[in-house]
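J.: Mind having a look at this structure? Questions to follow.
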Amino acid sequence: MNLDPSHSKRSFSSVGTRPIRPDGVDKVTGRARYGADFNMPGQLVGRILRSPHAHAMIRKIDTSKAAQLPGVKAVLTAADLPDLTNGDAAMYDILDNCMARKKALYDGHAVAAVAAIDARTAKQALKLIEVEYELLPHVTDVDQAFAPDAPLINDTIFTTGVDPKPDCPSNVSMRSQFGHGDVDAGMAKADFVVERTFKTEQTHQGYIEPHACVASVGSDGTADLWVCTQGHFVYRQHCAQLLGMDASKLRVTSSEIGGGFGGKTHVWAEPVALALSRKAGRPVKLVMTRDEVFRASGPTSATSIDVKIGALRDGTIIAADATLRYSCGPYAGAWAEVGAMTAFACYKLENVRTVGYEVLVNRPKTAAYRAPSAPMAAFAVESAIDELAKKVGMDPVDFRIRNAAQEGTKASYGPVYGPIGIGPTLEAVKNHPHMKAPLGKNQGRGMACGFWFNFGGQTCTDLNIGMDGTVSLAVGTVDVGGSRASLSLVAAEELGIDYSQVRAVIADTSSLGYNDMTDGSRGTFSSSMATISAARNAIKILRERAAQMWDIPVEDVTWEKGHAVAKGETHGNLPKLSLKEIAAAAGTTGGPIAGHSEIVADGAGVSFATHICDIEVDPETGAAKVLRYTVVQDAGKAVHPTYVEGQYQGGAAQGIGWALNEEYIYGKDGRLQNAGFLDYRIPVCSDLPMIDTQILEIPNPNHPYGVRGVGETSIVPPLAAVANAVSNAVGVRMQHIPMSPPRILAALDA
Amino acid sequence: MVEVTLWGSLATAAGGNSKVEIEAKDIRELFKRLSECFPGLEPLMDRGIAVAIDGTIYRDTWSKELPTGAEIYLLPRLAGG
Amino acid sequence: MRYIRPSSLEDAVGLLVEASGKAAILAGGSDLLVRMKGGFIEPDLIIDIKAIDALKHMTESEDGFVIGAAVPCAVLGENAALRRAWPGVVEGANLIGSKQVQGRCTIVGNLCNASPAADSVPALVAAGAKALIRGPAGSRIAAVEMVPVGPGKTSLASGEIIEAILLDKRQPRSGDAYQRFTPRTEMDIAVVSAAVNLTLDDQGIVQSARVALGAAAPTVLLVEEAAAVLTGSRVDDGTLNRLAEVCSGACRPIDDKRGTVEFRRKVAGVLAKRVALTAYQRAGQK
Amino acid sequence: MAGIAVSTKINGDNAEFLCHPDETLLDVLRDRLGLMGVKEGCGTGDCGACSIILDDRLVCSCLVLGAEAEGGRIETVEGMAQGDQLHPLQQKFLEHAALQCGICTPGFLMAAKDLLAKNPDPTEEEIRFGLAGNLCRCTGYDKIVRAVQDAAGVMRGA
């Protein structure tokens, strides 16, 4: 689709305003329905039995006692889920993750499931399932799993991306490499070099709503699935493929979603719920407990990263090198690859090389978490950059400005950048009053940059004009944080009508064409593109209808501010027709008026952010308190600035939690020890200050309004910004995240 | 004829060539020629490849034209959060 | 499973004695319900003591305070007289969980849950609080520190219920304080904690003191050597440093998901210093 | 397992229900009484999504048994608005965009209502500590705190 990029000249009437969101009243009154808020007549309760072992062969599963318990309507094991993946390795992994086939690969791995008339019966039935395990050696740490003598998790994994192909299996599923120039030669020229190893622990997206769904499969093979998801079309595709169903026979409705951040881009229990319903012949509701969410959905990677950066005396970075090891859970992944692409993306580098290794561990299957893989790489790189700036004797902001990528720079991951915002965010930070505010005793300030690609992808939108002239917008990208408001603004903008005249809804999979998930910061970017296109198609029809009403050629009708206007000397005096008037006449001018759009929204604009963080460290306890925090990020164009700010603040808060306290803690037995919100410590209200935001708008030339994605970049800089602040406060370079009080105290006492 | 740059891993699979000259007018032809010339690329291409044309990342939209003289860069297709 | 809400303490004790299976006392429920949810306990009988009038009140008399077993911790914080007399005890009680939890949880429940990290217990131990216990054989009184005997274990005999916590009438020139270390500012469990209660003579010298540490051993520790360090001092820097050293040395902590041995040792001393200073200042103001 | 008969007053109306001895008030409100505005985020009192006001005290309904509610007065998010007139807190949450996904919102509204009932003019710090029993993962709390500050002003003026 070609949309003229006229953003630079354009002024907006709706876009850029801050109206109340269309789903707001429902959400403050309790009317909004989330994953667990839906019930069907005759519904059963589904529950999943999970492995308590990190790595074990499943010798035998005896479900006979559970099946005989009165009230149990279906019992399921992997034997009920034949492999229909047809050699698709990624889908096979999803199948195996939904229900362990031969081996339990982590603490929490599903091994069996039941559907019963109520929760207590289901719980009792789980206890009656007898599983015979043969324990195998396990490994949960990314560095230990990377070692050549580590316990082998999957003997069919041979490292790809190396030449020659390895002759024995290992826990490293892939090596990837990016970069250009001659790093070794560059490094040899460097006057200053910083070389360090960093480590980050595994975190969880921590959405407050556990995974929940209601599945209903009829004896004719038609099925409905109500589910909280970031991508109901993708869930449909996965479930249909795993269960051998026709996609068109499975209607998936996305509920309101209580947070996802990447964790709801992947099916976990939904195929199991459908299979239970199919077996029982009744609807099945399956809601994960919080414990299950932590143990058996998809946390992010734990990482171990070596960074080496060299600079000339004048402050030019002459070479940059990084080796990144990312844990993937027990299946092959492509997480280090993304880390390797993003690591040095902020900088203009002559010689750069990044190498990523995907490492299998006995932990849950890694899933995306907001700009997946980028925050850890940024932590390592931005920490080293800060240290290098000190060695060179430059201010950290000036050092970054000197080396920042700009339009025409060859990105460290390959292509040449168009207009980008890293320089402007750095300049804004340099001039921000936050940077000049005085610091007290035991306080430190840190700043850091971050990058994320943003995506587009397949998108489909319908814009239907009612007989009263109001507009229904049916969107297929799940609204995770206010996009219905943004898309209504866009529709209002294009049609030239008031925001209140548009209502956006998320359509189910049977009502709209395929849409990719709301991931990669693509929701507002791609659906606004589709909405603009749908609106323009509707305007074309509106003009035709107005022409009919006036009985003049359509070429003589233009669309201005919500009205058809007749032009030319002959018709110039005709009174303009409002959208409402044209809609009212639709029945006599050719029927309903609608605009449709089916696109691949290409051309997403990369985005950059720079954050500033002030920290106070208690030198006696290692407690770190965030005193002040500022986010500066390029939005391209902020469609609904309040929700853009919300994305900036939310990403920063998640990053601060990651930096300071959040981590998966495994025991020597390979079991997760903190599968709850008490000991997996996401920040509470009293842990944080207000989070200041500054929205920059460097238009994306590939979007008609200049929109880039805004959802993810904000989580990229905080790990590094907080680490730089702590390091400056305590005078010791922090190399391990989270910087929990025991780690800070140990660093101080070392 | 367009010059196509392959990211590190793809170059390894293409026998160490990081830049290849390909006769292709659009993405469809590009992918076809690439898999003919370098059968080793197939598994990586199956996983999904994105094409950056003058810095703008496109997915595998077959009809997307490759302008002469444009910078064509192949990248892995990404996941987001 | 049965749920019974007796209206007298005698009935509650009777139910406990007669129970054939596992019986659990329900006061605030903030521990019991979590353990039931996790499947760690499946009681056959739940005895809800909140309908027993005598347990629902907190009273102040000549002898001090009597805090009934069913009084939520939030009520302690709302009582100005208790806040004045035993601010450290109130600090502990008002740090448990969140506002929501404090509206339900009780100090007796916190004590009987017998977690070494229980927030209200170190201050109670430092305060020399006593537990009034009712059982089939009648009533008895025990020092609070005698109740927990290990993680999750108490010295209560079969059929016994703690009826109330007794706090002495406050002596003049006395003060107490409690602090815990948690990674988050709220909604957390103590990694390590300390409470100090002391009384000064009219010269401002510590006449008597009690020091307790939480999450530093299998049960809350009453550290007598630490009390000895404070006694006779004006809580000057030297005293505080010795106090920290003694407290760190008295710890017998473990490495777990919440902290390391080294961290707990060091911070136990740091917190002891801080609370001793606060208690001293509070005592000096009275 | 016999059901226990419980009589309560919920959002001003009499409500009677039968529940199992081990059934939480959260489950009763959601599954038996259809008050789906009360959310379950953890079931262990660590997130505050199920916050309600029971006899003038803010509690996690997941940490209360249904049977314990006998004779109790319960307030949930469903009872906040008067007809189509939103409570000032609800209105300010909307105006300040103090919600993104919205799953934590009912719990925050209850906690904020309880806080302002006890402290009509709280400082930022008092708001932050007063709401510390409620987790929000989307907003970073900034806009929530501002909404509560603004609502407090409106309520004091009213």
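J.: Return the percentage of antiparallel bridges among DSSP beta bridges fully within chain B, rounded to the nearest 5 %.
T.: Numbers: 13 of 16 bridges.
Bridges in chain B are about 80 percent antiparallel.
J.: Another one. Using Cα pairs under 8 angstrom and six or more residues apart, how large is the relative contact order of chain C, in percent?
T.: Numbers: 692 pairs, mean separation 45.8, N = 286.
Dividing the mean separation by the residue count of chain C yields 16 percent.
J.: Could you give me the radius of gyration and the Dmax of chain C, taking only the C-alpha atoms into account and expressing both in angstrom?
T.: Radius of gyration, then largest Cα-Cα span, for chain C: 18.6, 60 Å.
J.: Still on this model: Could you please tell me the mean projected area of the C-alpha convex hull for the range C:182-284, averaged over all directions and given in square nanometres to one decimal?
T.: Values: hull surface 25.0 nm².
Averaging across all directions leaves 6.2 nm² for the Cα convex hull.
J.: Average partner chain C-beta neighbours within 10 Å, per residue of A:645-652?
T.: On the way: counts 5, 10, 4, 2, 7, 10, 2, 2.
That works out to 5 on average.
J.: Right, another one. How many angstrom separate the Cα center of the range A:403-479 from the Cα center of the range B:8-60?
T.: Taking the Cα centre of the range B:8-60 as reference, the centre of the range A:403-479 is 28 Å away.
J.: Where does the protein assembly as shown land at 222 nm, in deg cm²/dmol rounded to the nearest 500, when only DSSP H runs of n ≥ 4 count, each adding -39500 (n - 2.57), divided by all residues? Before the final figure, lay out each step's value.
T.: Values: 39 runs with 378 residues, N = 1275.
-8500 deg cm²/dmol, from helical runs alone.
J.: Would you mind giving the three semi-axes, in whole Å and largest first, of the ellipsoid equivalent to the range B:2-76 according to its Cα gyration tensor? The partial results should precede the final answer.
T.: Values: eigenvalues 58, 31, 28 Å².
Over the Cα atoms of the range B:2-76, the semi-axes work out to 17, 12, 12 Å.
J.: Still on this structure: What would the Debye equation give as log₁₀ I(q)/I(0) for the range A:421-485 at q = 0.11, 0.15, 0.21 Å⁻¹, counting only Cα atoms as equal point scatterers?
T.: -0.61, -0.76, -0.99
J.: Continuing with this model, one more query. What average number of partner chain Cβ atoms lie no more than 10 Å from the Cβ of the residues making up A:738-748? Before the final figure, lay out the partial values.
T.: Working: counts 1, 0, 6, 7, 12, 2, 1, 7, 4, 0, 0.
Mean partner shielding for this stretch: 4.
J.: Another question, if that's okay. Explain nothing, just compute: Karplus ³J(HN,Hα) = 6.51 cos²θ - 1.76 cosθ + 1.60, θ = phi - 60°, for every residue of the range A:541-557 in order, whole Hz, x for Gly and Pro.
T.: 5, 4, 5, 4, 5, 5, 4, 4, 4, 8, 6, 10, x, 4, 4, 8, 10
J.: DSSP loop trypsin sites (Lys or Arg not before Pro) in the range C:104-177 with at most 15 other Cβ atoms within 10 Å of their Cβ, which ones? Display every interim value, and only then the final one.
T.: Details: sites: C:ARG104, C:LYS130, C:ARG134, C:ARG140, C:LYS153, C:LYS169, C:ARG170, C:ARG173; in loops: C:ARG104, C:LYS169, C:ARG170, C:ARG173.
For trypsin sites (Lys or Arg not before Pro) across the range C:104-177 that sit outside H, G, I, E and B with at most 15 neighbouring Cβ atoms in 10 Å, the list reads C:LYS169.
J.: Hey, how many Å between the Cα centroid of the range C:226-286 and the Cα centroid of the range D:121-152?
T.: Spelled out, the Cα-based centre of one part sits 34 Å from the other.
J.: Test of understanding: ordering B:CYS37, D:CYS138, D:CYS42 by Cβ neighbours within 10 Å, fewest first, what list do you get? Walk me through the numbers before you get to the answer.
T.: Numbers: B:CYS37 14, D:CYS138 31, D:CYS42 24.
Result, fewest neighbours first: B:CYS37, D:CYS42, D:CYS138.
J.: Work out the length of the dipole vector of the protein assembly as shown about its Cα centre, built from +1 on the beta-carbon of each Lys and Arg and -1 on the beta-carbon of each Asp and Glu, and round it to the nearest 20 debye.
T.: Once rounded to the nearest 20, the dipole reads 1040 debye.
J.: Next question. Which one, D:LEU35, C:ILE41, C:ILE205, projects farthest toward the positive side of the charge dipole computed for the protein assembly as shown from Cβ point charges (K/R +1, D/E -1)?
T.: Farthest towards the positive pole: C:ILE205.
J.: Where in the range A:289-320 are there trypsin sites (Lys or Arg not before Pro) that are in a DSSP coil and have at most 13 other Cβ atoms within 10 angstrom of their Cβ? It would help to have the intermediate numbers written out before the result.
T.: Values: sites: A:ARG290, A:ARG295, A:LYS308, A:ARG313; in loops: A:ARG313.
Qualifying residues, ordered by number: A:ARG313.
J.: What number does the protein assembly as shown give for Rg over Rh if you use C-alpha atoms and the Kirkwood radius?
T.: On the way: Rg = 31.7 Å, Rh = 32.4 Å.
We get a ratio of 0.98 for the protein assembly as shown.
J.: Tell me, how many Å apart are the Cα centres for the range A:661-678 and for the range A:286-314?
T.: 14
J.: What's the long-distance tail for the range A:10-125, i.e. % of Cα pairs beyond 23 Å?
T.: Values: 3544 of 6670 pairs.
Distances greater than 23 Å cover 53 percent of the Cα pairs.
J.: Show me the GluC sites (Glu not before Pro) within the range A:522-570 that DSSP assigns to loop and that have at most 15 other Cβ atoms within 10 Å of their Cβ.
T.: Here the sparse-neighbourhood loop sites are A:GLU569.
J.: Sequence-distant or interchain residues sharing an amide H contact under 5 Å with A:LYS637, placed H: which?
T.: A:ASN700, A:VAL707, A:ARG708
J.: Translational D (Stokes-Einstein, µm²/s) of chain A at 25 °C and 0.890 mPa s when Rh comes from the Kirkwood sum over C-alpha pairs?
T.: Working: Rh = 27.3 Å.
Estimated via Stokes-Einstein, D reaches 90 µm²/s.
J.: OK, next. From the backbone phi of the range C:96-105, what are the Karplus-calculated ³J(HN,Hα) couplings (6.51 cos²θ - 1.76 cosθ + 1.60, θ = phi - 60°) in whole Hz, Gly and Pro given as x?
T.: The phi angles translate into 5, x, 10, 3, 4, 5, 5, x, 10, 5 Hz.
J.: So if the hydrodynamic radius of the range A:268-324 is defined as the Kirkwood radius over C-alpha pairs, what does Stokes-Einstein give as its diffusion coefficient at 20 °C and 1.002 mPa s, in µm² per second? Provide the component values of the computation, followed by the final result.
T.: Working: Rh = 16.1 Å.
Rounded, D is 133 µm²/s.
J.: With θ set to phi - 60°, apply the Karplus curve 6.51 cos²θ - 1.76 cosθ + 1.60 along the range A:128-144 and write out the HN-Hα couplings as whole Hz, x wherever there is a Gly or Pro.
T.: Residue by residue, the range A:128-144 yields 8, 7, 9, 10, 9, 9, 10, 5, 10, x, 10, 8, 10, 8, 5, 6, 5 Hz.
J.: What's log10 of I(q)/I(0) for the range D:104-149 at q = 0.29 Å⁻¹, Debye sum over Cα points only, no solvent?
T.: -1.20
J.: Separate question: Rounded to the nearest 0.05, what FRET efficiency do A:ALA67 and C:GLU18 have when you use their Cβ-Cβ distance and R0 = 45 Å?
T.: On the way: r = 37 Å, r/R0 = 0.83.
Here the calculated transfer efficiency is 0.75.
J.: For the range D:1-146, take the alpha-carbon Rg, divide it by the Kirkwood Rh, and send me Rg/Rh. Numbers along the way, then the final one.
T.: Values: Rg = 15.2 Å, Rh = 15.5 Å.
Value, to two decimals: 0.98.
Read-outs throughout are calculated quantities, based only on the coordinates presented, and are distinct from any laboratory measurement. If you're wondering where the values come from, they're calculated on a predicted model, not measured in any experiment. Counting neighbours? That spans all protein chains shown, and the Cβs are built from the backbone with ideal geometry, glycine included.
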